[in-house]
Number of protein chains: 2
Amino acid sequence: MQRITLQHTDAFWRKGGPIFFYTGNEGPITSIWNEIGFMKDLTAKFEALIVFAEHRYYGESLPFGENTFARENMGLLTVEQALADYAILLSNLTAVFCQDPDVCPVIAFGGSYGGVLSTFLRLKYPNLVAGALASSANVYMSAGLTPGNELFQDVTEDFRRYNPRCPDRVREGFTEMERLSGQGKQGLLEVSSRMNLCSPLQDRADLVNMYRWVREAFTVLAMEDLPYSISNGPSLPAYPVNASCDLLLKATDGIEGIIQAVGMLYNFTSDLTCFDLHQDFVPCADPTGCSLMPGAKAWDYQTCTEISLLESTNNVTDMFPPDAFTEETRVAHCWERWGVTPRPGWLATQFWGKDLSPSSNIIFSNGDLDPWRRGGVLQNVSSSIVAMVIEGGAHMMDLRVPNPADPQSVIRVRQQEADLIGQWIREATNQRE
Amino acid sequence: MQRITLQHTDAFWRKGGPIFFYTGNEGPITSIWNEIGFMKDLTAKFEALIVFAEHRYYGESLPFGENTFARENMGLLTVEQALADYAILLSNLTAVFCQDPDVCPVIAFGGSYGGVLSTFLRLKYPNLVAGALASSANVYMSAGLTPGNELFQDVTEDFRRYNPRCPDRVREGFTEMERLSGQGKQGLLEVSSRMNLCSPLQDRADLVNMYRWVREAFTVLAMEDLPYSISNGPSLPAYPVNASCDLLLKATDGIEGIIQAVGMLYNFTSDLTCFDLHQDFVPCADPTGCSLMPGAKAWDYQTCTEISLLESTNNVTDMFPPDAFTEETRVAHCWERWGVTPRPGWLATQFWGKDLSPSSNIIFSNGDLDPWRRGGVLQNVSSSIVAMVIEGGAHMMDLRVPNPADPQSVIRVRQQEADLIGQWIREATNQRE
């Protein structure tokens with residue numbers, strides 16, 4: 001096994017002080033490192049060592065080099081193995097840097113799937129981590145314990161909340177596309193042309209894929225609905241839901257509106273002459289799609305084996321075309337793509353399902369604008385496993401670099417998080433001394 | 001994966017009542033089923049369903065049939081995989097038999113390595129087991145966290161406690177063997193002859209192996225030092241330490257004494273005309289030896305990978321010839337036999353080392369005559385992780401079928417165990433209702 005890549009800084013570390021450990025998720029650790037500003041902000045306060053660990057099979061942590069994504073090499077990609085990497089790393093780290101009488105309580109941090117991992121690390125390795133801050137961690141959804149229609153319903157709700165005419169406009173666009181595509185080849189060509197696609201849609205499967213590509217754009221706009229502009233990854237304006245909704249309503253019709261909204265994400269550089277679906281969106285076992293990046297293959301494999309993301313649309317509780325993404329959809333794709341069948345139920349068995357109460361010291365934070373939030377823990381589980389809701393908050397908002405435009409809600413939640421983390425550190429220190 | 005074999009009875013089960021689950025260890029589940037009488041005794045009291053699960057790679061639970069023990073098929077034999085088998089089994093069992101409003105709290109039971117497994121199951125799957133009774137569970141030793149000279153020192157101590165002249169006699173025998181073997185081939189022949197071996201010792205390696213074979217006999221006599229005779233496995237008289245010690249002292253010299261003592265175990269049927277070392281004792285990564293039984297191969301592999309049993313002798317704190325069983329000894333054997341290198345430290349990282357306090361509801365019971373006891377937990381870890389010592393108790397004594405000759409100590413410990421188990425069941429039931 002090749003080593004996993006790390007990002008770290010000891011600029012503020014007082015020897016013996018805490019270790020803030022980010023449980024890397026599905027992407028290069030360098031880009032995660034740039035996104036997670038809050039940990040660095042906390043570091044000076046707690047004189048902590050920061051370590052970000054890259055998840056195996058992502059970024060540069062490729063166990064079989066350029067052959068990593070060959071079918072026969074994928075078996076070592078599991079949640080358990082990723083956690084074991086982190087456990088061994090932490091065990092060695094504390095053995096080297098924190099010999100008695102140093103204490104170095106470790107606090108795990110993670111956002112989204114990284115938050116799921118920081119939770120699981122605390123559940124399974126309380127000997128190594130004193131507590132976990134799990135931001136936007138869809139622990140229940142990942143384990144297949146949610147109904148499966150909450151994600152896109154809540155994307156829709158984010159747009160409706162700004163202006164109820166927006167979801168209507170999106171529906172109108174899809175209805176028109178559906179009408180046109182019902183007219184055969186010529187209709188598909190017209191949809192392709194009006195959607196400004198680089199390659200015309202060939203068949204119904206292409207069309208469904210394009211619908212998902214559109215849906216994913218709205219999903220990202222809802223996830224990243226922050227009060228300030230961002231440029232880590234695609235550049236987005238402040239409040240992109242509102243901004244794209246305004247474009248939708250200004251457009252001449254539904255299809256034109258959808259193009260405008262989708263372009264905010266996929267053409268954020270404003271230099272595309274047409275849209276290349278396959279550049280942005282590769283169908284996979286995640287209904288929100290994968291990409292052409294190498295890491296997307298790993299994510300496809302993970303959603304084909306342990307991680308369940310069976311989110312569907314029905315055009316009734318959401319604004320998107322009906323698209324049932326079922327266990328059967330998943331099985332067919334995974335067998336063809338990887339020669340594997342999913343293991344439904346396993347993650348719930350292994351990581352305690354909805355009964356997290358035997359653990360302790362976990363913060364589950366969620367923004368109430370984040371469409372993923374209902375996949376996670378929204379209510380206190382016990383006195384020390386607490387849920388925090390960020391009013392007006394987006395996906396992983398608390399973990400981002402603090403910004404002057406931050407609402408009071410996220411400032412308050414970050415303060416509560418810092419207080420609890422401080423308490424965990426004190427308790428762990430007292431226990432050891 | 002082939003199914004794992006079960007033994008079970010619902011003779012006393014009240015639907016919705018508790019499930020008593022034995023985490024099978026290194027052997028056929030049928031023989032373990034016959035040995036663990038206490039669980040059946042408890043069953044009527046608690047109206048429980050009893051399920052004994054066989055450990056993968058033992059008994060009939062061979063994932064690759066007759067090719068199971070080929071090197072390339074051994075990788076699926078890990079503690080984690082065995083626990084996952086039990087977790088999936090329990091998850092399915094409760095889903096089928098205990099749908100709401102039934103509760104069915106599961107209590108894990110295990111002795112020796114099985115006790116280690118029942119502990120680990122409670123640590124890692126508190127969602128599935130409400131508590132664990134771990135009898136003679138050498139959790140610390142298995143994880144490589146003990147000094148490594150306690151086992152044979154305590155075997156020696158058991159004999160010394162009955163009569164200090166016994167260890168002297170054993171030492172005298174070994175000294176004489178060592179003196180004879182120093183005289184070359186002829187001396188080895190004389191040792192072989194006086195020890196009544198079927199095949200003469202060829203070299204020093206043979207001699208060392210014979211010493212270990214002797215040492216193992218004394219170890220078993222000490223482990224099984226019960227106040228009544230047993231016949232599950234080898235037949236032994238009541239108090240075999242005392243009985244063999246008497247034989248040692250009656251013998252004409254040390255070597256003759258050792259033969260008499262060893263014969264109590266290896267020739268319990270009294271029909272052997274000579275001793276075949278290789279029948280009783282196969283050198284392996286467990287210094288107490290393996291056997292010719294198929295399961296012994298699996299145990300060798302487990303002690304070659306995750307489970308650490310580096311117990312040595314020095315002839316100072318114990319009565320046996322000096323024999324340092326080091327990590328190097330282990331590495332050399334494991335590489336040659338299986339093409340693997342051990343993973344020292346991994347079990348301690350994975351199963352919390354000596355910091356079990358984040359868990360709860362575990363009983364660690366140990367007999368104070370059991371030479372394995374210092375490999376385990378002898379003091380309370382917390383208010384709900386408690387150590388119980390059985391005065392005058394042997395290995396796994398509390399789990400055995402109650403016997404009229406049982407001392408008050410084991411009767412008292414069994415009562416305390418039943419009380420705590422009852423409390424765990426009530427708590428789990430109240431939580432669910």
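The values are calculated or read from the model by the stated rules, or taken from the named source; none is laboratory data. All of these numbers come straight from a predicted model, not from anything done at the bench. Cβ atoms come from the backbone with ideal geometry, glycine included; neighbour counts cover every protein chain shown. Quick note on the areas: whole protein, heavy atoms, side chains included, nothing else; ligands and nucleic acids left out. Shrake-Rupley method; radii C 1.70, N 1.55, O 1.52, S 1.80 Å.
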Residues satisfying the stated conditions in the stretch A:346-355, i.e. in a loop (DSSP other than H, G, I, E, B) and more than 7 Å from every other protein chain (Cβ to nearest Cβ)
A:Phe351, A:Lys354
Using the structure shown, decide if A:Ala132 is under 20 Å from A:Asp286 (Cα atoms), in contact with a Ser or Thr (Cβ under 7 Å, 6 or more places away or on another chain) and of a type in the set (A, V, I, L, M, F, W, C).
no
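Determine whether B:Ala332 is away from chain A (no Cβ under 14 Å) and in a helix (DSSP H, G or I).
Numbers: away from chain A (no Cβ under 14 Å): yes; in a helix (DSSP H, G or I): yes.
In short, yes.
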Could you run through the stretch A:185-234 and say how many residues are under 30 Å from A:Arg373 (Cα atoms), among the polar types (S, T, N, Q) and open to solvent by less than 50 Å² (accessible area, probe 1.4 Å)?
2
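From the list B:Pro371, B:Pro358, B:Pro402, exactly one residue is part of a loop (DSSP other than H, G, I, E, B) and either acidic (Asp, Glu) or within 14 Å of another protein chain (Cβ to nearest Cβ) (or both). Which is it?
Working: B:Pro371 fails: either acidic (Asp, Glu) or within 14 Å of another protein chain (Cβ to nearest Cβ) (or both); B:Pro402 fails: either acidic (Asp, Glu) or within 14 Å of another protein chain (Cβ to nearest Cβ) (or both).
Among B:Pro371, B:Pro358, B:Pro402, only B:Pro358 is part of a loop (DSSP other than H, G, I, E, B) and either acidic (Asp, Glu) or within 14 Å of another protein chain (Cβ to nearest Cβ) (or both).
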Condition first: within 14 Å of another protein chain (Cβ to nearest Cβ) and assigned to a loop (DSSP other than H, G, I, E, B). Now tell me which residues in the stretch B:127-159 satisfy that.
B:Asn127, B:Leu128, B:Val129, B:Ala130, B:Ala143, B:Gly144, B:Leu145
Just checking, does the stretch B:288-299 include any residue being aliphatic (A, V, I, L, M), open to solvent by 30 Å² or more (accessible area, probe 1.4 Å), touching a strand residue (DSSP E or B) at 6+ places or on another chain (Cβ under 8 Å) and over 30 Å from A:Pro126 (Cβ atoms)?
yes
Being within 13 Å of A:Arg56 (Cβ to Cβ) and open to solvent by less than 10 Å² (accessible area, probe 1.4 Å) is the filter here, so list the residues in the stretch A:28-38 that pass it.
A:Ile29
If a residue must be within 30 Å of A:Glu427 (Cα to Cα), touching a Pro at 6+ places or on another chain (Cβ under 9 Å) and open to solvent by less than 50 Å² (accessible area, probe 1.4 Å), how many such residues does the stretch A:321-357 contain?
1
Would you be able to say whether some residue in the stretch B:33-51 is within 14 Å of another protein chain (Cβ to nearest Cβ) and under 21 Å from the mean Cα position of the chain (by Cα)?
no
Out of the residues in the stretch A:280-316 that are in contact with a His (Cβ under 8 Å, 6 or more places away or on another chain) and part of a loop (DSSP other than H, G, I, E, B), which is nearest to A:Thr78 (Cα to Cα)?
A:Ala285
Residue ID - nearest to B:Met141 (Cα to Cα), chosen from residues in the stretch B:374-423 that are open to solvent by 20 Å² or more (accessible area, probe 1.4 Å) and hydroxyl-bearing (Ser, Thr, Tyr)
B:Ser382
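Any residue that is more than 14 Å from chain A (Cβ to nearest Cβ), not in a strand (DSSP E or B) and not β-branched (Val, Ile, Thr) - is there at least one of those in the stretch B:119-126?
Let us first name the residues in the stretch B:119-126 that are more than 14 Å from chain A (Cβ to nearest Cβ), namely none.
No, there is no match, as no residue in the stretch B:119-126 is more than 14 Å from chain A (Cβ to nearest Cβ), not in a strand (DSSP E or B) and not β-branched (Val, Ile, Thr).
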Sort out for me the helices (runs of 4 or more DSSP H) sitting completely within the stretch B:160-279 that have 2 or more residues that are closer than 27 Å to B:His395 by Cα and of a type outside the set (Ser, Thr, Tyr).
B:165-181, B:204-223, B:240-250, B:254-266
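Picking from B:Tyr58, B:Tyr22, which residue would you name as being in a strand (DSSP E or B), surrounded by 22 or more Cβ atoms within 10 Å (Cβ to Cβ) and either within 18 Å of the chain's Cα centre (by Cα) or among the charged types (D, E, K, R) (or both)?
On the way: B:Tyr58 fails: in a strand (DSSP E or B).
When all the criteria are applied, what remains is B:Tyr22.
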For the stretch A:248-266, name all the residues that are over 13 Å from A:Leu221 (Cα atoms) and of a type in the set (S, T, N, Q).
A:Thr252
Do you know which residues across the stretch A:387-422 are touching a Leu at 6+ places or on another chain (Cβ under 8 Å) and either among the β-branched types (Val, Ile, Thr) or over 21 Å from A:Asn232 (Cα atoms) (or both)?
A:Ala387, A:Val389, A:Glu417, A:Ala418, A:Ile421
What are the residues in the stretch B:8-19 that are surrounded by fewer than 19 Cβ atoms within 10 Å (Cβ to Cβ) and of a type outside the set (Val, Ile, Thr), if any?
B:His8, B:Asp10, B:Ala11, B:Phe12, B:Arg14, B:Lys15, B:Gly16
Taking the stretch B:245-262 and keeping residues without any contact (Cβ under 8 Å) to a residue 12 or more places away in the chain and open to solvent by less than 70 Å² (accessible area, probe 1.4 Å) leaves B:Asp246
Looking only at the stretch A:67-84, filter to residues that are open to solvent by 30 Å² or more (accessible area, probe 1.4 Å) and in contact (Cβ under 8 Å) with a residue 40 or more places away in the chain; which one of those is farthest from the other protein chains (Cβ to nearest Cβ)?
A:Phe69
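Among the residues of the stretch B:85-99, what is the count of those that are in contact with a Cys (Cβ under 8 Å, 6 or more places away or on another chain) and either loosely packed, with under 15 Cβ neighbours inside 10 Å or within 13 Å of another protein chain (Cβ to nearest Cβ) (or both)? Talk me through it step by step, then tell me what you get.
Taking the stretch B:85-99 and keeping what is in contact with a Cys (Cβ under 8 Å, 6 or more places away or on another chain), we get B:94, B:97-98.
Next, only the ones that are either loosely packed, with under 15 Cβ neighbours inside 10 Å or within 13 Å of another protein chain (Cβ to nearest Cβ) (or both) stay: B:94.
Residues meeting the conditions: 1.
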Taking the conditions exactly as written (farther than 17 Å from B:Pro287 by Cβ, at pLDDT below 95 and not acidic (Asp, Glu)), does B:Gly187 satisfy them or not?
no
Looking only at the stretch B:5-24, which residues are touching a Ser or Thr at 6+ places or on another chain (Cβ under 6 Å) and under 27 Å from B:Pro234 (Cβ atoms)?
B:Thr5, B:Thr23
